[in-house]
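Okay, so here's the structure we're looking at.
The values are calculated or read from the model by the stated rules, or taken from the named source; none is laboratory data. Computed from a prediction, not measured in an experiment: that's the story for all the values here. Heads up, the Cβs are rebuilt from the backbone with ideal geometry, glycines too, and the neighbour counts pull from every protein chain shown.
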Amino acid sequence: MASMTSRNQSRMGRVFDLFNYSGLALLATIMVAPLIYCFVGSFSVTGMSSGKFVAFSIDAYKMIFQSGKTVRSIGNSFLITIVGTLINIIMTSTAAYALSKPLMPGHKLLTYVVVFFMLFSAGLIPDFIVIANKLHLKNTYWSVWLPVAVSSYNLIVMRNFFKQLPESIEESARIDGCNELQSFIRIVVPMSKASIATFSLFYAVGHWNNYIRPMIYLDDSRLWPITVWLRQIVVLSLGGLGNDNMSENEIVWAATDAVKYSTIIVSTVPILCVYPFLQKHFAKGVLVGSVKG
């Protein structure tokens, strides 16, 4: 079938496909090359500082895994990601389901409000005043979770997805005695696994990679995720990977390229391992609900 399709394709179509494949291959190379460089450099004694692989060594990985700060920050990242994603999915799915119902009073107005805040935001300073000064959530993970509990874009797409579900199925559930919440949990959620799985991955990647909010609101280093700790190592070149009585030589070693690269790899691998399990849901979960509104 594929060969027949390519045979019947026009010359311009084949040129267009070649252009697409070449562009995607170049884009993939640009994205993957830095990660490969960091991976190879993490096993080099010099960390590829001279652009050459000098000698194989796993000392950098030993140091970061022997560090209580690194291990604790990885655990903090898992906590932030798992709990934050659960909050995102619960808030987004329930709000989208409510807005998808034409009988809900004010659903059009609320939809316009969601679209407005998808385009405009108050800014960082008002956000900090509300979170830190008014709600007193600084140095708590709620300062990281609550401001991003719902993504307006994801909410709109999921709302459109719920609107396309057959109304007859929910009506039959109501005839059997289910209320709206029971219909949502028992009927709508099982039918929306692809969409929920896709947006769960989007939210999880956002939480795992986020360092701006933790850096602003989490002053206690014991609460830092791996991204903030990685910033301390890579950007600010701060040592202290071991205990507080490290010698000057150990601090210099802690800031070498090998340790930086190994920390980057350790912080990247966990979220990459999630992709293969949710990849099959991407096409259905993203495209369904993104056409009609």
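Looking across region 12-49, the residues that are at pLDDT below 85 and of a type in the set (A, V, I, L, M) come down to 12, 45, 48. Going through (1) crowded, with 19+ Cβ neighbours inside 10 Å; (2) of a type in the set (Lys, Arg); (3) without any contact (Cβ under 8 Å) to a residue 40 or more places away in the chain one by one, residue 213 falls short only on (3).
If only residues of region 110-158 that are part of a helix (DSSP H, G or I) and charged (D, E, K, R) are counted, the one that is surrounded by the fewest Cβ atoms within 10 Å (Cβ to Cβ) is 134.
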